[in-house]
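The values are calculated or read from the model by the stated rules, or taken from the named source; none is laboratory data. Fair warning: this is a prediction, and the values are worked out from it, not measured in the lab. Cβ placement follows ideal geometry from the backbone for every residue including glycine, while neighbour counts extend to all protein chains displayed. The protein model used for the area step is the full one, side chains on, heavy atoms only, and it has no ligands, DNA or RNA in it. Shrake-Rupley method; radii C 1.70, N 1.55, O 1.52, S 1.80 Å.
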Amino acid sequence: MATASDPALDEAQAPRRLGLGIAGLGVASTLFLPGVERSPHAEIVAAADLRGSALEAFAAKYRGRTYSSVAELCADPAVDAIWIATPNQFHCEHTLIAAEHGKHVICTKPMALTVEECERMCLAAERNKVKLLCGQTYSMSPDIQAMRRVAASGELGRLIAINSWLYTDWLLKPRVAEELDEARGGGVVYRHAPHLIDTVRLLGGGRLSSVRATVGRWMPERPCPGNFSAYLEFEDGTPATIVYSGYGYFDTSELTWGIGNRMYSDAERQTVRRALRRGEINSEDAKEGMRFGAAVADTASRGSAHAAAQTAGTRAHIGWFGITVASFERGDIRQSPNGLYVYGDDGRREIPVHGDRGTGTLEIKEMHDALVSGAPIIHDGRWAMATLEVGNAIVRSGRERREILLAHQCALTTPPAEN
Ligand SMILES: NC(=O)c1ccc[n+]([C@@H]2O[C@H](COP(=O)([O-])OP(=O)(O)OC[C@H]3O[C@@H](n4cnc5c(N)ncnc54)[C@H](O)[C@@H]3O)[C@@H](O)[C@H]2O)c1
């Protein structure tokens, strides 16, 4: 695919669709591949995984080429960009391999494990003149972009606070060893905090100055961070709080008209929790049941009909991820069933938000626009490095019970995307 690193290509030079290679056909791939399929801007051409069953399923579905290593995938000349969805501890290594092969990269969250890894990824992309987009966070959704537009319009005055709450069943879902091991990027801070941090940073302009937080590890069957409460401060003093729990009791979708990314019904949560406590769930098998190409779906793997209904629901409302309220001098904004509620001096109005909200479609469009017209990537490497820094500061602040000052923050330079 021809790329436009500096000047924009005109319509006549518009490239063929981006040839996309997938690194890691796990659970994450089942979430973004349907969105990529819907995108007019990409074609799924190849994949790499260690599991032969996943590669067979991929070849059967997409007629694409399959490889047992990311290096081989990156050597495929039909691949323009690699979507890296391997486990967290490999994001840096696999991004470096892709960049050295001249491939653009879409890396799922979290970007990596440390700021140092993120720095190496950014430098590799810059050195090889490839684009690096760190996606699959809910901050990319049109809802959040619409919130940015209202904030930037100034109609409600100055931003005075952002508060975001997310209660999920992350810990109840099937989790393999690396997902519970902080040294390999396990636990809810690495896995889910990027959604909240990215959202807050997008709405507040990007540059946070400090973090004070507490992290909890309160589920013996899941010995990893399971909840956190964090107070973040922007450079201009604007406060933000992010509150997360993954223990699967209360679920914030109860407060958002039932819309959310909840996996289990209430009854299924009880069943799964009891089975977890009795040690009756084989997490490896259950996780396998959720991955690309899996044939079997038991309750632990799929949450049965409830998950199917949720999946259908989140297609239209993918921007929903807990409750985020942005407060201004003269009003508040939050997500509504059809877009946004704006609360001002004259009462509440709803702004409809349209467009494909699906993960996959959004990242491909942002990458495509960057390559074709030179549009800036919002969630680029430097942006995601700053988000990762905040996540790591949350853990450190909890451990040391003090405020942590941040040193790698960057400002948001792009205007909000149009609806
Ligand atoms: N599970 C989710 O709901 C979800 C959602 C969004 C993003 N993510 C992110 O996606 C990533 C993967 O998470 P997951 O839940 O899909 O895990 P997973 O274990 O289901 O998938 C990882 C896949 O990578 C493969 N893999 C492992 N090492 C490899 C290697 N060296 N080379 C090639 N393939 C390799 C595995 O065989 C597996 O198919 C994580 O970074 C996670 O944060 C997960």
Per residue, accessible area of the chain with a 1.4 Å probe, heavy atoms of protein chains only, in Å², comes to 41
Honestly the chain on the Cα gyration tensor test (a ≥ b ≥ c root eigenvalues; a/c under 1.5 rounded, otherwise a/b vs b/c for prolate or oblate) is just rounded
Counting only DSSP beta bridges fully inside the chain, the antiparallel percentage to nearest 5 is 60
With +1 on the Cβ of every Lys and Arg and -1 on the Cβ of every Asp and Glu, the dipole magnitude of the chain about its Cα centre, in debye rounded to the nearest 20, is 720
From the Cα centre of the stretch 17-71 to that of the stretch 246-281, the distance in Å is 30
So for the stretch 13-76, using the alpha carbon gyration tensor with a ≥ b ≥ c as root eigenvalues (a/c under 1.5 gives rounded; past that, a/b versus b/c decides prolate or oblate), I'd call it oblate
Restricting to lysines and to Cα separations under 20 Å from residue 287, and discarding same-chain partners fewer than 8 apart, the set is 109, 173
Any helix of the chain counts here only if DSSP assigns it H throughout, its Cα atoms span 27 Å or more along the axis, and its mean Kyte-Doolittle hydropathy is at least -0.5, and such helices are 381-400
Cross-link reach from residue 103 to lysines, straight Cα distance under 29 Å and at least 8 residues apart if same chain, gives 61, 129, 131, 365
Helix-only [θ] at 222 nm, the chain, -39500 (n - 2.57) per DSSP H run of 4+, per residue, nearest 500, equals -10500 deg cm²/dmol
With Rg from the Cα atoms and Rh as the Kirkwood inverse mean 1/r over Cα pairs, the stretch 216-292 has an Rg/Rh of 1.07
Carbon and sulfur atoms account, in whole percent of the 1.4 Å probe accessible area of the stretch 64-182, for 56
Kirkwood calc, the stretch 149-228, C-alpha pairs only, radius in angstrom 14.7
Shape call for the stretch 69-182, from the Cα gyration tensor axes a ≥ b ≥ c (a/c under 1.5 means rounded, otherwise prolate when a/b beats b/c, else oblate), comes out oblate
Against the 2.2 N^0.38 Å rule of thumb, the C-alpha Rg of the stretch 328-419 sits at a ratio of 1.45
Sorted by chain and then number, the residues having a modelled amide H within less than 5 Å of the amide H of residue 22, at least 5 places away or on another chain, are 46, 47, 48, 83
Within the stretch 166-235, DSSP-loop chymotrypsin sites (Phe, Trp or Tyr not before Pro) with at most 15 other C-beta atoms within 10 Å are 218
Of the convex hull drawn through the C-alpha atoms of the stretch 162-275, the volume per residue in Å³ is 102
Restricting to Cα pairs under 8 Å and 6 or more apart, the percent relative contact order of the chain works out to 22
With no solvent term and unit scatterers on the alpha-carbon positions of the stretch 190-243, Debye gives log₁₀ I(q)/I(0) at q = 0.13, 0.24, 0.28 Å⁻¹ of -0.35, -0.91, -1.11
